[in-house]
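Colleague: This is the structure, below, for whatever I ask next.
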Amino acid sequence: MIKNIINELRISIIATVSLAILLCGIYPSVVWLVAQGIFPDKANGSLVSVKGQVVGSSLLGQQFAAPGYFHPRPSTAGAGYDAANSGGSNLGPTSQKLIDTVKGRISAYRAENNLAPGVLIPADAVTASASGLDPDISVKNAVLQAGRVAKSRGLTEGTVRNMIAARTEGRDLWIFGEPRINVLMLNLDLDSKK
C-alpha cells in the first residue's frame, strides 16, 4: 500500500515537473521565437516610430484633443486611453447616465465640428468602445471632422478628404466589420504634410 502511494506520488511529481517545463518554458519560448522570426513588428506591439522616437501603437487609441487633429472615439479607460485600466463603462442602453453622457457628447461634437442640428452623428463619435482603446474611427466620423481639421491646418477640405481616403482600411476578409481609419496613422500623415 505504501509502495503504491510512493509510486503514485513519484509519477505525479514527474508529470507536474515535465508539464511545467513543457508548458511554462519550452512552449512559450517556441511561440516567442516564431513570432519574432515571422512578424516581429506585430509581436512587439505594432509600435509606430517617427524619426526614431516611438509615438504610439497602431493597436491602441490615444488622445488627440487639438483642433488640427482627428479625434478618436471617447474613452472610459481609466483617465482616458489608459491601457493599464482598459475597459468600458458597462452602462446599458436604458441607463440614464449613458443617455445623458451621449447627449452631451453629441452637443460637443456638433459644436466642435460646426455641424448643423440635422446632421446625423455616427455612433463611434459619441460612444466608447468596450476596451476604451479603439484605435480606429468610422469613415463617416472622419469625414465630419475633415472641415475642422482642414481649417485648423490651413489645408483644403479636399486635401484632407483625400488623406482620409488613402488611410481607409476595408473590411477584414472583405466581409467582417466596417471600413475604418486608424486615427494615429492619419494624424501622423497630417503632421508630415507641414
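The values are calculated or read from the model by the stated rules, or taken from the named source; none is laboratory data. Since the structure is predicted, the reported quantities are computational estimates derived from the model, not experimental observations. Ideal geometry is used to build each Cβ from the backbone, glycine not excepted, and the neighbour counts take in all protein chains shown.
Colleague: Mind telling me which of the residues Lys42, Lys3 ends up being assigned to a helix (DSSP H, G or I), surrounded by fewer than 11 Cβ atoms within 10 Å (Cβ to Cβ) and modelled with pLDDT under 90?
Modeller: Lys3
Colleague: Sort through Arg167, Arg148 and tell me the only one that's at pLDDT 95 or above and over 20 Å from Glu178 (Cα atoms).
Modeller: Exactly one of Arg167, Arg148 is at pLDDT 95 or above and over 20 Å from Glu178 (Cα atoms), namely Arg148.
Matching residues to (1) in a helix (DSSP H, G or I); (2) under 22 Å from Arg153 (Cβ atoms); (3) within 16 Å of the chain's Cα centre (by Cα):
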| site | (1), (2), (3) |
| --- | --- |
| Ala20 | yes, no, no |
| Leu33 | yes, no, no |
| Gln36 | yes, no, no |
| Ser49 | no, no, no |
| Gly56 | no, yes, yes |
| Pro67 | no, yes, no |
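Colleague: Let me ask another. Looking only at residues in segment 24-59 that are hydroxyl-bearing (Ser, Thr, Tyr) and out of contact with any helix residue (DSSP H, G or I) (no Cβ under 9 Å at 6 or more places or on another chain), which one is nearest to Ala83 (Cα to Cα)?
Modeller: Residue satisfying both the conditions and the ranking: Ser46.
Colleague: Of all residues in segment 132-167, which are touching a Ser or Thr at 6+ places or on another chain (Cβ under 7 Å) and either surrounded by fewer than 17 Cβ atoms within 10 Å (Cβ to Cβ) or in a helix (DSSP H, G or I) (or both)?
Modeller: Val139, Ala150, listed by residue number.
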